[in-house]
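This report concerns only the one structure given below.
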Amino acid sequence: MAFLEVKSISKHFGGLMAVDQVSFKIEKGEIISIIGPNGAGKTTIFNMLTGVYSIDAGEIDFEGKPIHNRSPQEVVSSGISRTFQNIRLFSNMRVIENVLVGTHIDTHYSFLDVLLRTKKYKKYEAENTVKAVEILRSIGLGDRIHDYADSLSYGAQRKLEIARAIATNAKVLLLDEPAAGMNPQESEELLQFIRTLRDGGYTIILIEHDMSVVMNISDRIYVIDHGKKIAEGLPDEVANNPRVIAAYLGGEKKYAENS
Amino acid sequence: MIVQQIFNGLALGMSYALIAVGYSLVFGILRLINFSHGSVYAFGAHMVLMFVSMNLGLIPAIFLSILLTGLLGMLIDKTALQPLRKKKSIPIAGLITTIGISYIIQNMLMILFGSERKPFPALFDKGMINILSVQISSTQVFMMVVSILLLAIMTFVINKTKIGLAMRALSQNVKAAHLMGINVNFVVIFTFFLGGASAAIAGTLISGYYQIVYPTMGFVAGLKAFSAAVLGGIGVLHGAVIGGLIVGVSESLAAAFLGGTYRDAVSFIVLIIVLVLKPDGLFGKKGIMKV
Amino acid sequence: MKNILSQMLLPQFHKFYIAAIILTLIFLPLLGLSQYVLRIMIMIGIYAMLAMGLNMLTGYTGQVSLGHAAFYAIGAYVSALLATTLQLNFFIAMLAGVVVAAISSLLLALTTLRLTGTYLSIATLGYGEIIRMILLNWEPVTNGPLGVRNIPRPSFLGYELTLANNGIYYLMLVLLGIISLLCYLIINSKIGRAFIAIKEDELAAQFMGIKTTGYKVLAFVISASIAGAAGSFYAHMIRYIDPNTFTFDTSILMLSIVILGGMGTFRGMYVGAAILIAFPEALRFLAAYRFVVYGLILVLMMRFRPQGLLGWRSSNPYRLSKQVSEMLAQEGNREITLKPFEGKEEAVKG
Amino acid sequence: MVKKMKKIISYLLIATLVMVSLIGCAGTAGSKAESVVKIAVAGPLTGDNSEYGIGFKNAVELMVEEWNERGGVLGKTIQVVVYDDKNSGEEAAAIAEKIVGDSDIVGVIGHFASGVSMVASPTYQENKMIEISPTASHPDYSSEGDYIFRNNSVISAEAEIGLDIAINNLGRTNIGILSIKTDWGSSTAGITKDLILANDKLNLVAQEEIIEGSDDYSAAVTKFVNAGADVIIVAGMYNTLAPFAKQYKQVNPDIALVGFSNAYSYQLIELGGEAVEGVTFPISFFSGSTDPEIQSYVQRYIEKYGSAPSALTSQAYDSAGILLQAIENAGTTDREKIKEELYRINYKGVTGDTFFNAIGDAQKTYVRATVKNGAFVKVE
């Protein structure tokens, strides 16, 4: 049994089949990528995985237990955390506070502890703060902890989102176009960081519409178009798959017409 | 007696429906609760009164008031709301702004016209009509006819004209509408003009029926009309009318069976129940959450 | 000149300023201020409490309540009725007022769980009106439009606190102090962070594992409890209450203070209350226009300074506790490899 | 740096604002002139009920003007100090402190609503400040203390006459009661109801309450019609009575309506038009009276303010007169002495002969008036 297994999940909005019987699996410590043209249904898959949308059919199992149709909070506490395509940081909070919010799930003190400032409160606050600083240092934001989140550069904000996701004690990270809007150098740094995460034992699912970004990093690639999985396999296999090329060309063409 | 009370409620509900259309119109396009609508309604009624006292005659006074109140609606959008959209403020900023505007208008009316109730000319008074032991006043019938006419015109504007098409496009997706070359600010401002004009019409008709105007007349009536709009599915014009009728009737029945002091409470309870159980209202459509 | 001024704002002086302000407030009545000025100070204090409470809900958690006068009213009525009918001591009556306000807010919050944003605000508005209708109509208990009279003054250890002996003033200071402290403790904890996260981005907060609904309810209850306490104090201070004090206008005044002062700040609540309560007294020629001014404040603040007059971000560094600084210093700058969460023991190991 | 400057400027601005506010609050104690007697007027000059507060102010200023023309009181000029309580208890409490802090003030005419008056009256009582409210109607108001007076009709007396009008002047016995949900309206309805139940000849067919803020009375009208009422006693101001009459007469033109002196205002006719024809009420002030004093008062009032005085305004006018007369009788501005005089006074004013009973309620004599051809006429 795979670490995380998605079995032919579907979702439709009204008459539109947004995701149609998509399946994939990922083993512990792997990086897989889900790619496809804009509007193919990639983010919808993330939304189904993380409990934003209910699924109409299919099953999602994590560590052998079903996790579909749960609330986002339950999904997070089972060990799956995500980032967003359009960054969703707590922009009026400081960098470190953003990460501290991530440690919320593992902070077990009561309202009374808060009012009385008990030992328990102090212990958790201290430990979590240290943990947050460590995560930020390791991701290269160690000198920015006092800054406000929205004062960071675009690339740094994406990193902060990942740091925040890590802070939730995640085992699986779902990264939605993490390199979007980055210059090649930034994006290479980020991919390097993702690799170190994998080496540390994290399991990572990436969403990208630009295939070239994930070619060198993915253990496997799944290609989605119009809500359907059209190809899967090693990066090289997928890159040469005629259906994928057609979808991308067709997709690009359609996209060009629209804009 | 129940039948008579239901008819009382329908007549009352028609007045809520008239006001509710304005809420629905703006909400349908902008997803904004225009809290100032109630005071704009009071403004419209006061303008009629002012022009009448200038001896312009009733009909020209009404038309001037509709025009001026429509302009007030445009002014509200231009000065207070458009900048918020430009800045992409939080949605609640719009609500707070319109509450502020409603305070400004209502209290300016109080300062300029005095807080007391003032007589308003009767519009169309031909006495009572008797239908099978139920009595309806001719003014109510007149009101109903005008309301339906107004609704028909609004529906026509929205569904059959070019600007209506633009309004509908905007209500679906502002960004896309903008990309398609629709002048978003113009359409919104036009919507506010329609909203203001409809408030003036409502103000004239309702004041003409009760023959009373005063600056705070829009507060409670506005809230109830808002309940009506929500009940019918805010953003849906015919929903506003049906919502208005339901609120009116339930209020009338509450007054009949629980006592007159419970009627306001009943319409607020209706509001909360609808919000909680069916926030999209009777005829509203459900939206998809986007992440 | 410029330099001296900006030097004066350095964080190390803040404690000094706060201490100076508190001392001034404590010694103020000894300057022989007239009772009229004291009354105004007390009203400012009450509205600062109310704003403090609303701030927890609106300023920090982002849920705009347009019916907060309801909780103010519930606190006032419960406390006043218990004190007049059962001769309960002020402090016990106040506690009861707070509890009932909390329970009623819990009921409201639980019924409106599904509502967000504007819809929630409108529901609170409706709720506020319904509570006023109940106060007006439930005559056997609330005495309807006749109100509750002869509410006893607060007494402390058998000593009656009045305006003349400054007791009421000091009671106000103590209450405001306690409420401020409670808010401070709550905000600087995971609860406060959860509140702010919900305001900033509710969905992202859910993905941090925050049970957003629960925290929103909590914010409601905290906020309503504070309003209840303020209401109870008001009732015993003013000694006669009727439903007319607790209208939509009162709710809007509270909201105006929070918005003017600066949502999500403490300083803004005191200053906002001071400005909005004192200004109609000071600028009498504007009295007729005061609601116009409240309206203008809402409009202009939203337009030009949505963060409020005092709503700037602190430029001080984030305060790390001594313990944390020591732990971090020990660690030095050693290389850290992040490892996924595997079990409880390793969970918080650095 | 710019940010810092902004911050400094905000701080300074706010500090100034707060300072100005506090100084503004404190700074009015000011000039103490020996040759002046001050009386305070407190009522809602702004907001929803400003028409009544402005009426108070006008009336008191008119009365004071008359006295000053005659040389003032005790040889001193009388000065009116006006306070706007915005019809809010919070405001009234602060204003009361301000008034008692000014030792030149001998008495207060105000406040308007009972609830507001009762927030302020403990402060007046404690500081031995005379308060005469021309409008407060809460049954417990005047028992707040011996310095607290009411120059308003006592509800029970008025209700009795109202009922007598229904029976004897209008010849009706099937009575409905409509009341507004305020302290006055509820008390009046309660007392009227008890009176009807105590009288075998009368028949209480329906009782309805309404909350101010809605102008639709159709539900109440339908209930009264169905209950077979032939007369309705309306415990409401002119702004309730007029629209109610309009809506009722559309359905049943034969209905008889009885009002209270609170509704006695030229605005009743202005708002109600034909519908208020025949509405009858007990009044203590009749602007059409042939009494030369009243005629000159009404004339002066219209000359100065452009409209005829209402009953409530006239009660404020008399309240000021009573207070000034008491000062004159006492021969001093010592408030305790003036208070004693107030209990002894029998004042012949525009609202009839007035004297206070032991708890400070004005005892008045009533006449009956009705609307005929768009004007108030006395019923003989």
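The values are calculated or read from the model by the stated rules, or taken from the named source; none is laboratory data. Since the model is a prediction, treat every value here as computed from it, not as a measurement. Cβ atoms come from the backbone with ideal geometry, glycine included; neighbour counts cover every protein chain shown.
Name every residue in the stretch C:71-113 that is outside any helix (DSSP H, G or I) and under 22 Å from C:L54 (Cβ atoms), in order of residue number.
Within the stretch C:71-113, the subset outside any helix (DSSP H, G or I) is C:86-89, C:112-113.
Hits for the stretch C:71-113 are C:T112, C:L113.
The residues of the stretch D:77-102 that are more than 9 Å from every other protein chain (Cβ to nearest Cβ) and either without any contact (Cβ under 8 Å) to a residue 12 or more places away in the chain or of a type in the set (V, I, T) (or both), listed by number, are D:T77, D:I78, D:V80, D:V81, D:V82. All of B:I153, B:I163 fail the test of being at pLDDT 85 or above, in contact with a helix residue (DSSP H, G or I) (Cβ under 7 Å, 6 or more places away or on another chain), among the β-branched types (V, I, T) and not in a strand (DSSP E or B), apart from B:I163. Filtering the stretch B:243-261 to residues that are at the interface with another protein chain (Cβ under 10 Å from one of its Cβ atoms) and either at pLDDT 90 or above or assigned to a helix (DSSP H, G or I) (or both) leaves B:G248, B:E251, B:S252, B:L253, B:A254, B:A255, B:A256, B:F257, B:G260, B:T261. Going by the structure shown, is B:N34 polar (S, T, N, Q) and not in a helix (DSSP H, G or I)? Yes. Going through (1) surrounded by fewer than 19 Cβ atoms within 10 Å (Cβ to Cβ); (2) free of Cβ contacts under 8 Å to residues at least 24 places away in the same chain one by one, D:A330 falls short only on (1).
Residue-by-condition table, conditions (1) over 21 Å from the mean Cα position of the chain (by Cα); (2) within 14 Å of chain B (Cβ to nearest Cβ); (3) of a type in the set (K, R):
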site: C:G97; (1), (2), (3): no, no, no
site: C:L115; (1), (2), (3): yes, yes, no
site: C:S121; (1), (2), (3): no, yes, no
site: C:L136; (1), (2), (3): yes, yes, no
site: C:E139; (1), (2), (3): yes, yes, no
site: C:E160; (1), (2), (3): yes, no, no
site: C:N166; (1), (2), (3): yes, no, no
site: C:L182; (1), (2), (3): no, no, no
site: C:N188; (1), (2), (3): no, no, no
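Checking each residue in the stretch D:109-138 for being closer than 18 Å to D:D48 by Cβ, polar (S, T, N, Q) and in a helix (DSSP H, G or I) picks out D:S114, D:S117.
Checking each residue in the stretch D:201-251 for being at positive phi and either within 9 Å of chain B (Cβ to nearest Cβ) or among the aliphatic types (A, V, I, L, M) (or both) picks out only D:G213. Out of everything in the stretch B:231-242 that is assigned to a helix (DSSP H, G or I) and touching a Phe, Trp or Tyr at 6+ places or on another chain (Cβ under 8 Å), what residue ends up being nearest to D:V221 (Cα to Cα)? For the stretch B:231-242, the residue satisfying everything is B:I242.
In the stretch B:159-187, the qualifying residues are those that are among the charged types (D, E, K, R) and more than 16 Å from B:F27 (Cβ to Cβ), and the one that is nearest to the chain's Cα centre (by Cα) is B:K160.
So how many residues does the stretch A:177-199 have that are in contact (Cβ under 8 Å) with a residue 60 or more places away in the chain and either outside the structural domain of A:D210 (by TED's automatic domain parsing) or aromatic (F, W, Y) (or both)? Total meeting the criteria: 0.
Can you find even one residue in the stretch B:136-146 that is within 29 Å of D:A219 (Cα to Cα) and in a strand (DSSP E or B)? Among the residues of the stretch B:136-146, at least one is within 29 Å of D:A219 (Cα to Cα) and in a strand (DSSP E or B), which makes the answer yes.
The criterion of at least 1 residues that are of a type in the set (K, R) and surrounded by fewer than 20 Cβ atoms within 10 Å (Cβ to Cβ) is met by the following strands (runs of 3 or more DSSP E) wholly inside the stretch A:2-50: A:4-13, A:16-26. For D:A235, the test of being under 26 Å from D:V350 (Cα atoms) and either free of Cβ contacts under 8 Å to residues at least 12 places away in the same chain or of a type in the set (G, A, S) (or both) is passed. Scan the stretch C:9-56 for residues that are buried (at least 22 other Cβ atoms within 10 Å of the Cβ) and hydroxyl-bearing (S, T, Y) and the total you get is 2.
For (1) touching a Leu at 6+ places or on another chain (Cβ under 8 Å); (2) surrounded by fewer than 22 Cβ atoms within 10 Å (Cβ to Cβ); (3) more than 10 Å from chain D (Cβ to nearest Cβ), each residue gets a yes or a no:
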{"residue": "C:T247", "(1), (2), (3)": "no, yes, no"}
{"residue": "C:M254", "(1), (2), (3)": "yes, no, yes"}
{"residue": "C:L260", "(1), (2), (3)": "yes, no, yes"}
{"residue": "C:A287", "(1), (2), (3)": "yes, yes, no"}
{"residue": "C:Y294", "(1), (2), (3)": "yes, no, yes"}
{"residue": "C:L309", "(1), (2), (3)": "yes, no, no"}
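Within the stretch D:26-57, being at pLDDT 85 or above and over 19 Å from B:Q106 (Cβ atoms) holds for D:V36, D:V37, D:K38, D:I39, D:A40, D:V41, D:A42, D:G43, D:G55, D:F56, D:K57.
Do you know which residues across the stretch B:73-117 are in a helix (DSSP H, G or I), under 13 Å from B:H46 (Cα atoms) and either hydrophobic (A, V, I, L, M, F, W, C) or more than 10 Å from chain C (Cβ to nearest Cβ) (or both)? Lay out the reasoning, then the answer.
Initial filter on the stretch B:73-117 (in a helix (DSSP H, G or I)): B:73-87, B:91-113.
Of the ones still in play, those that are also under 13 Å from B:H46 (Cα atoms) are B:105-113.
Correct list: B:I105, B:M108, B:L109, B:M110, B:I111, B:L112, B:F113.
What pairs come up if the first residue lies in the stretch C:130-146 and is more than 16 Å from C:S251 (Cβ to Cβ), the second is assigned to a helix (DSSP H, G or I) and among the acidic types (D, E), and their beta carbons are under 7 Å apart, counting only those six or more places apart or on different chains? That search, which allows pairs on different chains as well, returns C:P145/D:D183; C:L146/D:D183. Scanning the stretch D:271-284 for residues that are among the aromatic types (F, W, Y) and either in a helix (DSSP H, G or I) or closer than 24 Å to D:R70 by Cβ (or both) turns up nothing. Could you tell me whether the stretch C:57-78 includes any residue that is of a type in the set (S, T, Y) and closer than 27 Å to C:N150 by Cα? Taking every residue of the stretch C:57-78 in turn, at least one turns out to be of a type in the set (S, T, Y) and closer than 27 Å to C:N150 by Cα.
From the list D:I155, D:I196, exactly one residue is surrounded by fewer than 24 Cβ atoms within 10 Å (Cβ to Cβ), within 27 Å of D:M118 (Cβ to Cβ), away from chain B (no Cβ under 14 Å) and free of Cβ contacts under 8 Å to residues at least 60 places away in the same chain. Which is it? I'd like the intermediate steps shown before the answer.
Details: D:I196 fails: within 27 Å of D:M118 (Cβ to Cβ).
Going through D:I155, D:I196 in turn, just one is surrounded by fewer than 24 Cβ atoms within 10 Å (Cβ to Cβ), within 27 Å of D:M118 (Cβ to Cβ), away from chain B (no Cβ under 14 Å) and free of Cβ contacts under 8 Å to residues at least 60 places away in the same chain: D:I155.
Applying the selection to the stretch B:114-146, what residues are touching a Gly at 6+ places or on another chain (Cβ under 9 Å), among the small types (G, A, S) and in contact (Cβ under 8 Å) with a residue 24 or more places away in the chain? Can you show your working first?
If we filter the stretch B:114-146 for residues that are touching a Gly at 6+ places or on another chain (Cβ under 9 Å), which is where we start, we get B:115, B:119-125, B:137-139, B:142-143.
So of that shortlist, the ones also among the small types (G, A, S) come out as B:115, B:122, B:137-138.
Of everything in the stretch B:114-146, those that are touching a Gly at 6+ places or on another chain (Cβ under 9 Å), among the small types (G, A, S) and in contact (Cβ under 8 Å) with a residue 24 or more places away in the chain turn out to be B:S115, B:A122, B:S137.
For the stretch A:60-67, check the following and say yes or no: at least one residue is among the aromatic types (F, W, Y), on the phi < 0 side of the Ramachandran plot, crowded, with 20+ Cβ neighbours inside 10 Å and touching a residue at least 60 places away in the same chain (Cβ under 8 Å). Outline the logic, then answer.
So in the stretch A:60-67, the residues among the aromatic types (F, W, Y) come out as A:62.
Applying the additional criterion that residues be on the phi < 0 side of the Ramachandran plot yields A:62.
When the remaining residues are screened for being crowded, with 20+ Cβ neighbours inside 10 Å, the result is A:62.
Still in the list and also touching a residue at least 60 places away in the same chain (Cβ under 8 Å): A:62.
Yes, the stretch A:60-67 contains at least one residue that is among the aromatic types (F, W, Y), on the phi < 0 side of the Ramachandran plot, crowded, with 20+ Cβ neighbours inside 10 Å and touching a residue at least 60 places away in the same chain (Cβ under 8 Å).
Has the stretch B:280-287 got any residue that is assigned to a helix (DSSP H, G or I) and touching a helix residue (DSSP H, G or I) at 6+ places or on another chain (Cβ under 7 Å)? No, there is no match, as no residue in the stretch B:280-287 is assigned to a helix (DSSP H, G or I) and touching a helix residue (DSSP H, G or I) at 6+ places or on another chain (Cβ under 7 Å). Residues that are within 14 Å of chain C (Cβ to nearest Cβ) number at least 3 in the following helices (runs of 4 or more DSSP H) confined to the stretch A:119-215: A:119-138, A:154-167, A:184-200.
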